[in-house]
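> Let me give you the structure first, and then I'll get to my questions.
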Amino acid sequence: MEEEKTLVKRKKKLTKEAILLISIVVIIVLIDQTLKVWIQKAGEISIIPGILNFKTSQNTSAAYGIGSNSTIMYVLTNFIILGVIFKFITTQNQFVDRKLKIFLSFILAGGISNVIDKVIRGYVTEFIDFKQVVNLPVFNVADLFVLIGWIAIAAIFAGFTVKEWKSKKVENNLNDNDKKEKE
């Protein structure tokens, strides 16, 4: 009976978490797609003159213009990557904390939105342009969330690694002290 209650609680938690993650993905995709359509209709807009412009650019390649111009290869590669991320979130659910799942959802959302572009338009719409200030490729909201997701995941893993090193160091120091006491 106790096990059933625990299982029901886990399912409710999973359901709330799943709704949160799906909502994140849907909201990011909707924002990105809406902005892409809006900027294509509006044309070039100077958001911060001399610093930030919104202007449409058609990226027929992969990230930052790198890679093949093949829509089929782009979509297949992204489906594989997005599938691996989705599978990781769903099969490792109990071992992965919420922050990591949220940042993985950022990556999923960005990838899904750019795949939608590539399938529907044959190119990814890029529109955020800082070229007058920094020599960056033109990018979009989806790219931004993919980047934020990967940076945050790297930071999480770096933090975990540092924590592990510190705990190993403390453990080794305790073991060394125990050996000295026995001698």
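> Listed highest first by mean packing, meaning other Cβ atoms within 10 Å per residue, what order do 77-88, 103-114, 19-30, 122-133 come in?
Averaged packing, sorted descending, gives the order 103-114, 122-133, 19-30, 77-88.
> Another question, if that's okay. Quick one: 3J(HN,Hα) in Hz for region 21-31, Karplus 6.51/-1.76/1.60 with θ = phi - 60°, rounded, Gly and Pro as x.
Along region 21-31, the couplings run 5, 5, 4, 4, 4, 4, 4, 5, 4, 4, 4 Hz.
> Could you give the length gained on full extension between Lys16 and Val119, defined as 0.36 nm per residue of separation minus the Cα-Cα distance, in nm?
34.0 nm
> Over region 2-171, calculate the relative contact order: mean separation of alpha carbon pairs under 8 Å at least 6 apart, over the residue count, as a percent.
Computed over region 2-171, the figure is 27 percent.
> Same structure, new question: Over region 2-171, what portion of Cα pair distances is larger than 22 Å, expressed as a whole percent?
Taking all Cα-Cα pairs of region 2-171, the fraction more than 22 Å apart is 54 percent.
Read-outs throughout are calculated quantities, based only on the coordinates presented, and are distinct from any laboratory measurement. Small disclaimer: the values here were computed from a predicted structure and weren't measured. Note: ideal-geometry Cβ built from the backbone for every residue, glycine included; neighbour counts use all protein chains shown.
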